[in-house]
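The values are calculated or read from the model by the stated rules, or taken from the named source; none is laboratory data. Please read all numbers here as calculations on a predicted model, not as lab measurements. When we count neighbours, we look across all protein chains shown, and the Cβ atoms used for this are built from the backbone with ideal geometry, even at glycine. Ligands, DNA and RNA are excluded from the accessible area calculation, which covers all protein heavy atoms including side chains. Shrake-Rupley method; radii C 1.70, N 1.55, O 1.52, S 1.80 Å.
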Amino acid sequence: MAGALDGLRVVDLTRVVAGPLCAQMLGDLGADVAKVERRGDGDDLRALGPPFVQDSEDSTYFVTLNRNKRSVSVDFARPEGAAILKRMVARTDVLIENFRTGTLARYGLSYDDLRAVNPRLVYCSITGFGQDGPYAGRSGYDFVAQAMAGLMEVTGEADGTPGGGPQRVGVPVADMFTGFAATVAILAALRHRDATGQGQRIDVNLFETMASLMQAPMSSWLNAGKLLQRSGNEATVAVPYGVFDGSDAKFVIGVLNDREFVRLAEALGHPEWAEDPRFKRARDRSEHRAALLDRMRTLLRTRPRAEWLARLESAKITSGPINTARDVEADPHLRARGLIVELPHHAGGTVRVPGSPLRLDATPVTYRHGIPAPGGDTDALLAEFAGMDAAEIAAARAAGIV
């Protein structure tokens with residue numbers, strides 16, 4: 001079956017996480033993605049390990065973000081290489097780049113430069129702080145975006161408690177959300193182009209993306225003048241909502257309304273809790289948080305996690321185990337849904353990675369290309385995207401441009 005973006009050509013000038021994730025999503029949906037990499041080492045993320053793929057220089061991180069792409073090496077810092085890239089762009093629908101603001105303009109590859117070559121081009125720039133404003137010239141990484149957007153200030157245990165203090169989220173959520181945001185923007189721009197015939201420039205950055213997702217903390221401050229405090233794994237507005245210990249392992253329980261609490265009390269064998277005036281309403285439970293949680297923790301430690309989770313699921317209480325990557329890989333639901341996919345790797349053998357979460361019944365995600373070698377598809381991509389013949393490619397290779 002054809003993918004939703006079948007026939008779309010994408011030039012991917014990105015490295016590390018946000019940009020490669022965006023390009024991979026487009027590739028999963030059927031786009032033909034040409035990943036432009038430095039000659040030799042390629043994308044910086046290839047080297048960010050350990051661990052590494054067996055018998056390979058690629059980190060295990062890299063392979064999660066670079067399927068459904070083919071790799072071409074072009075030294076576009078040289079005028080001859082920039083000219084080749086312009087030839088590719090002339091036959092391309094989307095270009096994605098994540099260089100520091102102004103870098104590509106030095107090589108004649110700014111949006112204005114490339115719009116002159118292809119007015120239909122959708123040109124997506126992903127940066128730390130955007131194309132203008134006081135921070136436009138700064139480099140930006142996920143860690144900095146989490147800190148500056150306020151995420152770290154509301155993540156972690158409360159001050160004065162063991163381990164208290166700001167914490168980053170354990171995966172690069174600023175990078176990942178920015179990759180998703182860039183994908184949404186590109187699809188919107190393509191819809192506009194189909195209607196008008198004109199491409200456009202897209203400016204997406206880590207700082208604004210992360211700040212825009214801080215709805216609860218920002219709204220609390222903007223509309224009530226209150227700064228939300230760190231509360232670890234507990235929710236400030238719902239009780240019980242957090243991590244609990246069974247006799248053998250930890251798990252989570254989340255109750256958001258009074259109806260759920262009635263079911264929870266029954267499932268735990270203490271229906272009288274739901275009638276206790278300290279616990280009957282959500283606001284009461286919040287006020288008497290310690291009294292309720294002490295009772296629950298004492299009780300839950302008496303039986304294994306699996307037994308409690310079975311009871312809670314039967315009562316339709318939102319709950320679940322705290323899993324390791326090993327547990328996630330073995331999870332029967334994810335196995336039934338086929339989330340883990342096996343892909344060929346350029347060094348030989350295969351790699352296993354989480355697949356796409358997008359489920360489209362008429363135009364499903366497909367996995368057409370595995371993990372490419374740096375520049376491993378240069379000849380084919382220069383022929384297809386740039387229209388270069390064998391003699392031109394050979395001359396560019398002899399000159400060290402590709």
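For every residue, the table says whether it meets (1) at pLDDT below 95; (2) within 30 Å of R138 (Cα to Cα); (3) open to solvent by 60 Å² or more (accessible area, probe 1.4 Å); (4) of a type in the set (V, I, T).
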{"residue": "R201", "(1), (2), (3), (4)": "no, yes, yes, no"}
{"residue": "F207", "(1), (2), (3), (4)": "no, yes, no, no"}
{"residue": "S231", "(1), (2), (3), (4)": "yes, no, no, no"}
{"residue": "I253", "(1), (2), (3), (4)": "no, no, no, yes"}
{"residue": "R263", "(1), (2), (3), (4)": "no, no, yes, no"}
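Scanning the stretch 320-341 for residues that are in contact (Cβ under 8 Å) with a residue 60 or more places away in the chain and over 21 Å from the mean Cα position of the chain (by Cα), we see that the one that is surrounded by the fewest Cβ atoms within 10 Å (Cβ to Cβ) is G320.
Name the one entry in A23, A18 that is closer than 21 Å to M88 by Cβ, open to solvent by less than 10 Å² (accessible area, probe 1.4 Å) and of a type in the set (A, V, I, L, M). Quick ask: steps written out before the conclusion?
Values: A18 fails: closer than 21 Å to M88 by Cβ.
The conditions single out A23.
All of A235, A211 fail the test of being out of contact with any Gly (no Cβ under 6 Å at 6 or more places or on another chain) and at pLDDT below 95, apart from A235. The number of residues in the stretch 249-305 that are in contact (Cβ under 8 Å) with a residue 12 or more places away in the chain and among the charged types (D, E, K, R) comes to 15.
Just one residue in the set V63, V33, V53 is within 21 Å of L109 (Cα to Cα) and of a type outside the set (F, W, Y); that residue is V33. Remark: pairs (first residue in the stretch 134-154, in contact (Cβ under 8 Å) with a residue 60 or more places away in the chain; second residue assigned to a loop (DSSP other than H, G, I, E, B) and among the charged types (D, E, K, R); Cβ separation under 7 Å; 6+ apart in sequence or on different chains) = Q146/R168; V154/R230.
In the stretch 66-151, counting only strands (runs of 3 or more DSSP E) that sit wholly within it, the ones holding 3 or more residues that are in contact with an Asp or Glu (Cβ under 8 Å, 6 or more places away or on another chain), modelled with pLDDT of 95 or more and not aromatic (F, W, Y) span 70-73, 122-127. Against the conditions (1) part of a loop (DSSP other than H, G, I, E, B); (2) open to solvent by less than 80 Å² (accessible area, probe 1.4 Å); (3) over 17 Å from F251 (Cα atoms), V353 satisfies every one except (1).
Tell me, please, whether a residue that is closer than 25 Å to E287 by Cβ and either touching a residue at least 40 places away in the same chain (Cβ under 8 Å) or open to solvent by less than 20 Å² (accessible area, probe 1.4 Å) (or both) can be found in the stretch 169-178. No, because not a single residue in the stretch 169-178 is closer than 25 Å to E287 by Cβ and either touching a residue at least 40 places away in the same chain (Cβ under 8 Å) or open to solvent by less than 20 Å² (accessible area, probe 1.4 Å) (or both). The single condition from (1) closer than 17 Å to G242 by Cβ; (2) under 21 Å from the mean Cα position of the chain (by Cα) that G150 fails is (1).
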